[in-house]
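The values are calculated or read from the model by the stated rules, or taken from the named source; none is laboratory data. Remember, predicted model here, so these are calculated numbers, not experimental data. Virtual Cβ from ideal backbone geometry, glycine too; neighbours counted across all protein chains shown.
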Amino acid sequence: MSRMFPLLVAAAGATALSACAPMTGAESTRTSSMGQQCFYANQVDNFRGDNQTLYVRARNKDVFELQTFGGCSDIDFAFGIAFLPNSGINRLCTGDLSRIIVAGGMEPRAQCRVQVVKKLTEAEVAALPARNRP
């Protein structure tokens, strides 16, 4: 029994570490069991938008539209954003709510609430004005 304990601890540790492993590009956007399109907040490579609409590009080149609640000042001047999902989960799907922290605008760090609206098609991405295309 005493020999099995260290082995069990090592196995549990390996399992916990594997859960933290980064996802590959092909897995950064998923379709949930309900047919929703999803992306991982920590795999957002680029973003663009204005005070009402934010477009984010995931690591595998998928672009998602997010709508702000009550406007999000300085997002068009931001150097970076960080997601704070309401559920505490890194994966965001259509319909999910999140908060974002906007860094680099007039305010040191503004917080805004957003909702994931949809994943854009290639045609919708191409139709976006250049200033809004991530």
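Quick notes on this structure:
- Of the strands (runs of 3 or more DSSP E) lying entirely inside the range 8-100, those carrying at least 1 residues that are surrounded by 14 or more Cβ atoms within 10 Å (Cβ to Cβ) and at pLDDT 90 or above are 37-40, 44-49, 53-58, 63-68, 80-85, 91-93.
- Any pair with Cβ under 8 angstrom, 6 or more apart, that starts in the range 84-96 at a residue that is closer than 13 Å to Phe64 by Cα and ends at one that is among the β-branched types (Val, Ile, Thr) and outside any strand (DSSP E or B): none
- Any hit, the range 66-73, residues being of a type in the set (A, V, I, L, M, F, W, C), in contact (Cβ under 8 Å) with a residue 12 or more places away in the chain and in contact with a Gly (Cβ under 7 Å, 6 or more places away or on another chain): no
- Among the residues of the range 101-112, those that are assigned to a strand (DSSP E or B) and either closer than 19 Å to Asp45 by Cα or touching a Cys at 6+ places or on another chain (Cβ under 6 Å) (or both) comprise Ile101, Val102, Ala103, Cys112.
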